[in-house]
Structure formats: C-alpha cells, structure tokens
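All remarks here apply to the structure that follows.
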Amino acid sequence: MRTRLLTVLLALITAILVIPGPAATADEQGGESLHGRILHPENRDQGVEGIVITVHDGEDEVGAATTDSDGMWEVGLPGPGTYRVVVDQESVPSEFVLREGIIVDGETEVEVEANDQRPLIVALMSPGQAESEEESASPSEEETEDTPAAGDESIETNVDSGSSFGERVIQLTASGLLFGLVIAVSAIGLSLIFGTTKLINFAHGDLVTFGAMIALLFSTGAAGMGNSLLALFAGLGGAVLIGGFLENRLSRTVLLVAQGVSILLGIVLATVLGVLGDAVGWSVPLWLAAVVAVVMGAVLGGSMERYIWRPLRHRNVAMIQMFIVSIGLALVLRHVVLVLFGAGRERYAGFQLQEMVRIGPVEMPPRDLVVMVVAIVVLVGVACLLQFTRIGKAMRAVSDNRDLAESSGIDVDRVTLYVWGLGGGLAALGGVLYGLNQVVEYEMGFRLLLMMFAAVILGGLGTAYGAMVGGLAVGLVAMLSTLWFPSQLMQAWALALMILMLLIRPQGLLGRRERVG
C-alpha cells in the first residue's frame, strides 16, 4: 500500500512539473474581481452606459471594462493584492460629475483578498449638486438605506478585515465548507476511476473545465458551435451505448458498423448545424445548461474509457505508459477547450452581482447557498447509489477487488464504463458549481486538480466516501490557513496535509490496510 501511494504522489509531482500551468502571479482559484454598477443620480433604476473603468497593478494595466446599458461593469483580477482603479472622466456624460469620497480625482486604491469578488461603488451627481454635497457632512438616511443597490461609496467583502477573529473564523469555515463540497463532488469520479482501474487520470481536471464551459455556452446561446457539439456528442453517446449494452449480443463486425454509423451521423448533423449557425440559435436557463453539461461530461468520460483506456488495458499496457497517456490527454483536452472557447475569464449571466444573505454570523451571496445545497444533495445521492443499488454495489465490488468481482460473474468492463460515465458527469457538475463560485476559464480544472488529488489521498485511494470526507477537509484547511498565512499558500497547506497523512496513515482516513507480498 505504501508503495502504491508513493507512486501516486511521485506521479502527481511529475505531472505538475511537466504540464504547463498559469504564471506564478495568477490566482490559484481564479476568483478575484472588481465589479459594480453606476446609476443615474436622479433615477436609481437606470444605469449609465459607456463609462470606462481601468484597473492597474502598479504601472501595469490589469484590465478595463465599460458600463453596459444597466450601468454594470466587472474586471477580472490575476490574484489578491492592492489595485489602483481609474475612472475615465472623459467617458462620463457631460451632465454628470463623479461624486468624490473614496474616488478622488477619478482614482482610488482597493485591496482585494483571496477569493474576493469586491463591489466598488462609483457614484455620480449633477454639477449643481456639488456645492450642496460639500456642505453635507454625512449621507442622508435615505442614501444609507440604498447603499447596496444605489451605490454609496463603500466596498463590501465577505470577510471584512475589520471583523473580529471569531467572525473571520466562522466566515472562512463557511467558505471552506463551500470549497470542500465543490472539491468532493469533482473528486468522487477520480477516486472511483482509480479504485476500478488503478489509473491516475490527470485529464480529470479538464473534464471539470469542460463542464463549466459547456454550461456557459448553452446558458448564453447555443448558436453554431453549441448545436454542433450537441449533435457530435449525441452520435458519440449513441456509439458508447451501443458498445456498452450490445457488445456481447452482436458480432464484432456488426458492432463496429453500428458504432461507426452513429458517430458518422453525429458528425454530419454537427456539420449541418454548424453551417446554419445563428439561424437555429437558442439558450436555456443555467440549471438546464448544467444538466446538458453533465450529460455531455458523462459521454466524454465514457468515450475515453471505451475507445482509449479499455483497448490499452486489453493490450496489457503498463501503468506508467497509461500515466503518460493521461498527461497527453489532459494537454489535448485543455488546448481544445482553449481553441474552442478562448482564454477569457467569464461568469454565468445573472449570477454576477447579488446582494449578500446573512445567516447568523455568516454572509454569503445566494449563488453560494445554491452551490452548497446542490453539492450536498448530489453527495447524498451518490452515497445512496453506491450503497443501495445493484450497479453501485458492483462498482464497490470492482473497486475492492477487480479479479474477484470478475470471477463472481460481474461484467467488469461494463461496470468500468459506468464508473467513467459517472465520474465524467460529476466532474462536469463540479465545474459548473466551481464556475458559479469563481470564474470560468480554460485552466480552472487544472488549478483544482491538486486539491482533488489531495482529497482522494487524504480520504483513501479508491473510496468514494473517502473523497467526500477528504474534499471537505482540504477545503477547510485551505480556507482557514488564510487566517495566518498568505492566500497564495492555500494549495501548499493542502499538499502538506496530504503528505502528513501519507506519513501517519498511508491508507487514508477511510482506506483499508493491504498486505504486500
């Protein structure tokens, strides 16, 4: 057992060194941003369009945004730190002037902490109000009540630096539980895949990215590329189902022809829909887009098992060679996503600016509460699937002892296909939940991969329940570490926890000891 765990750890470190990641200055979670809304001073329901806001890190420009018709703007940040925000006063309509306070001469400095989407309120007023504003020593009661929506000069943050230590602990604990639940949902498939095939799948993080990107695509309009992807995956999914359920009932030739026809029909339909483009465009609510992403993630996971990993296993390819293949597959998936969706950082529409909901001492936006509820429901559902259903028991049996399960009459190949489909679907769902809490960009899954491996090893290799427990533990340790240490070290502490577990209890929290030799 110790040898196997040491091999996994060395393989993980090797992959981190081999696979190119983001620059050292990039945020490990990719979730920092500045945003706000500039409103008409006399009509608080109307936004002011066309105002340009730029964000600088020292002398370097980090990003810029222009207010839309609702007065909304947002700039993604490369990481925590102190930033200079500049409002282009020439872009402000002539009938308004900037209301000074936090904004002085069109500029201000803002300190952003890790995992912080900070609202910066820029207020306007008419030139005639300037003199009366100077005479006013404090804002009126009405303005104070309208602060969150109307834009008084204040900056909100989930973890206020002026809060007491106890309040910060409680708030970071809630954030840690949220982060841990996302890790747990994403890592279950990784653990089950290792349990059933002993494969270290480094492409799992890119399945997380795939799910987030697909949900973003279909929730913002699936014209052209979205329709083509849907048709292509329909054909691919049909081929996987034919191979999974009819493999022992049809001759090899008929089976290959049926699968080829399904894939060919998908390609033809994808080509036709791609040519039609915007003529058949449509979009769905995010929850339905998430369902589409989960289904497509399951198809992608099942396709990888059916057409890549199963043939390699049947040819008795060594694990070290399959490990190298998984690194190559991760690179391919990541760069395909980069080519199709670009390198921009985006958020799901309608979930950017939300008023905070206070539950006792904890303050969270509604989207984070939804993420926690969905993650808990999914984890309970997966536990019930594994514990009480026939296929779930077969998955656990194959994970415990593949050879014994096969000699007992279990169709191991079919169960492995189910595991890859379940793992791909859960990874895609984890990507959607992670994108709701952070931002959607092409390396988000790679950033989460180390946390998922730490959770799997901490909880116990090959056990789904261990991945759940390990995910929660890693999320809590990562977030609570920011109480004393810089936020850039969050992943380092998660890795330190993993190494400590290997030294004290190599089989993990819920793993079992195995005899070697």
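Overview of values
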{"read-out": "Condition broken by V208, with the remaining ones in (1) over 18 Å from L333 (Cβ atoms); (2) assigned to a helix (DSSP H, G or I); (3) aliphatic (A, V, I, L, M) satisfied", "value": "(1)"}
{"read-out": "V439 being modelled with pLDDT under 85, touching a Gly at 6+ places or on another chain (Cβ under 6 Å) and in the same structural domain as L300 (by TED's automatic domain parsing)", "value": "yes"}
{"read-out": "Which listed residue, of L426, L433, is surrounded by 24 or more Cβ atoms within 10 Å (Cβ to Cβ), out of contact with any Lys or Arg (no Cβ under 6 Å at 6 or more places or on another chain) and closer than 21 Å to G508 by Cβ", "value": "L426"}
{"read-out": "Residue match in the stretch 66-73 (condition: in contact with a Lys or Arg (Cβ under 8 Å, 6 or more places away or on another chain), modelled with pLDDT under 75 and under 25 Å from E346 (Cα atoms))", "value": "yes"}
{"read-out": "Inter-residue pairs, beta-carbon under 8 Å, first farther than 24 Å from R367 by Cβ and in the stretch 335-350, second in a helix (DSSP H, G or I), 6+ apart", "value": "L340/M213; L340/M225"}
{"read-out": "Residue among L256, L276, L246, L250 that is at pLDDT 80 or above, more than 30 Å from L472 (Cβ to Cβ) and among the aliphatic types (A, V, I, L, M)", "value": "L256"}
{"read-out": "Any hit, the stretch 342-351, residues being under 20 Å from the mean Cα position of the chain (by Cα), exposed (fewer than 12 other Cβ atoms within 10 Å of the Cβ) and either farther than 27 Å from G180 by Cβ or in the same structural domain as I188 (by TED's automatic domain parsing) (or both)", "value": "yes"}
{"read-out": "Residue list for the stretch 463-491, filter: in a loop (DSSP other than H, G, I, E, B) and surrounded by fewer than 24 Cβ atoms within 10 Å (Cβ to Cβ)", "value": "W484, F485, P486"}
{"read-out": "Unique residue being surrounded by 21 or more Cβ atoms within 10 Å (Cβ to Cβ) and at pLDDT 75 or above when the list is V52, V122", "value": "V122"}
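The values are calculated or read from the model by the stated rules, or taken from the named source; none is laboratory data. Quick caveat, the model's predicted, so the values are computed rather than measured. Glycine also receives a Cβ, built like all others from the backbone with ideal geometry; neighbour counts cover every protein chain displayed.
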